[in-house]
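Written out below as structure tokens is the structure these notes cover.
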Amino acid sequence: MKIRFVILSLFASFFLTAATPPKNLYLVYVFMGEECVISQNYTLELNKLHEQYASDRIQFIGVFPSNYSSSETVKNFKSKYKLPFNTELDKAHIKVFRFQIKVTPEIVVYDVKNQNVVYQGRIDNTYFGLGQRRTVTTTSELSDVLSAITKKEELDFEFKKAVGCFLTPIDPLFKDISPCNYDTKDTKTNKR
């Protein structure tokens, strides 16, 4: 009888702990495409940011939403570009729809405790248009956000429109949409 009570207590404790989100956890969703040259070009910067900021409070997750992605293609991409963070497929576009992702690469920094997006958009301003790359990057929005989280500063950031490869929509009615993003305007939305 005593053993059964202990087992039930441990079982209940496990599920209560598993259901409770970790305190002060920020998830950095990195929406990427294996075939997207801009995603490929950002892997070095993402690896540096991961090395600098990943911790118990900040976790990076590479999300691959392409209909053509598979466990094997993601594994090969992760190996080729030496991505140090976990990756996952989003072929059903659950996270794509949730965060209204349009291009890869695009970043979403999500506050688990408060269940809100603190930043969404580009990694930095290296790309200002499709095939248009600055020789000197002058802003690094993702680094600024992660630095503020680390320093426990106020998280009030302007969302910046990501420049990259359009996602292929799930619905076959949209099959003729170009896979490249030519719109370079920034968004002014601050909270979602």
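Values computed for the structure shown
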read-out: Residue pairs meeting the criteria (Cβ under 9 Å; at least 6 apart or on separate chains; first among the acidic types (Asp, Glu), in the range 37-48; second buried (at least 16 other Cβ atoms within 10 Å of the Cβ) and not in a helix (DSSP H, G or I)); value: Glu45/Ile123; Glu45/Asp124; Glu45/Thr126; Glu45/Ser140
read-out: Residue satisfying condition, being in contact with a Ser or Thr (Cβ under 6 Å, 6 or more places away or on another chain) and not in a loop (DSSP other than H, G, I, E, B), within set Lys95, Lys78; value: Lys78
read-out: Any hit, the range 88-101, residues being in contact (Cβ under 8 Å) with a residue 60 or more places away in the chain and either within 18 Å of Thr139 (Cα to Cα) or β-branched (Val, Ile, Thr) (or both); value: yes
read-out: Filtered residue count, the range 117-160, keeping only those that are in contact with a Ser or Thr (Cβ under 6 Å, 6 or more places away or on another chain), surrounded by fewer than 18 Cβ atoms within 10 Å (Cβ to Cβ) and modelled with pLDDT of 90 or more; value: 1
read-out: Cβ pairs under 7 Å, 6+ apart, first in the range 105-122 and at positive phi, second among the charged types (D, E, K, R) and not in a strand (DSSP E or B); value: Gly121/Glu141; Gly121/Lys161
read-out: Qualifying residue in the range 96-114 (condition: hydrophobic (A, V, I, L, M, F, W, C) and over 14 Å from the mean Cα position of the chain (by Cα)); value: no
read-out: Asn76, sole failed condition from (1) over 17 Å from Cys165 (Cβ atoms); (2) touching a strand residue (DSSP E or B) at 6+ places or on another chain (Cβ under 6 Å); value: (2)
read-out: Residue pairs meeting the criteria (Cβ under 6 Å; at least 6 apart or on separate chains; first of a type in the set (Gly, Ala, Ser), in the range 150-162; second in a loop (DSSP other than H, G, I, E, B) and modelled with pLDDT of 90 or more); value: Ala162/Arg122
read-out: Residue ID - farthest from Tyr42 (Cα to Cα), chosen from residues in the range 55-92 that are loosely packed, with under 13 Cβ neighbours inside 10 Å and of a type in the set (Asp, Glu); value: Asp56
read-out: Residue in the range 36-55 that is part of a loop (DSSP other than H, G, I, E, B) and over 28 Å from Asn114 (Cα atoms) present; value: yes
read-out: Among the candidates Lys75, Lys48, residue that is more than 16 Å from the chain's Cα centre (by Cα) and at pLDDT 95 or above; value: Lys75
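The values are calculated or read from the model by the stated rules, or taken from the named source; none is laboratory data. Keep in mind it's a predicted model, so treat the numbers as computed, not measured. When we count neighbours, we look across all protein chains shown, and the Cβ atoms used for this are built from the backbone with ideal geometry, even at glycine.
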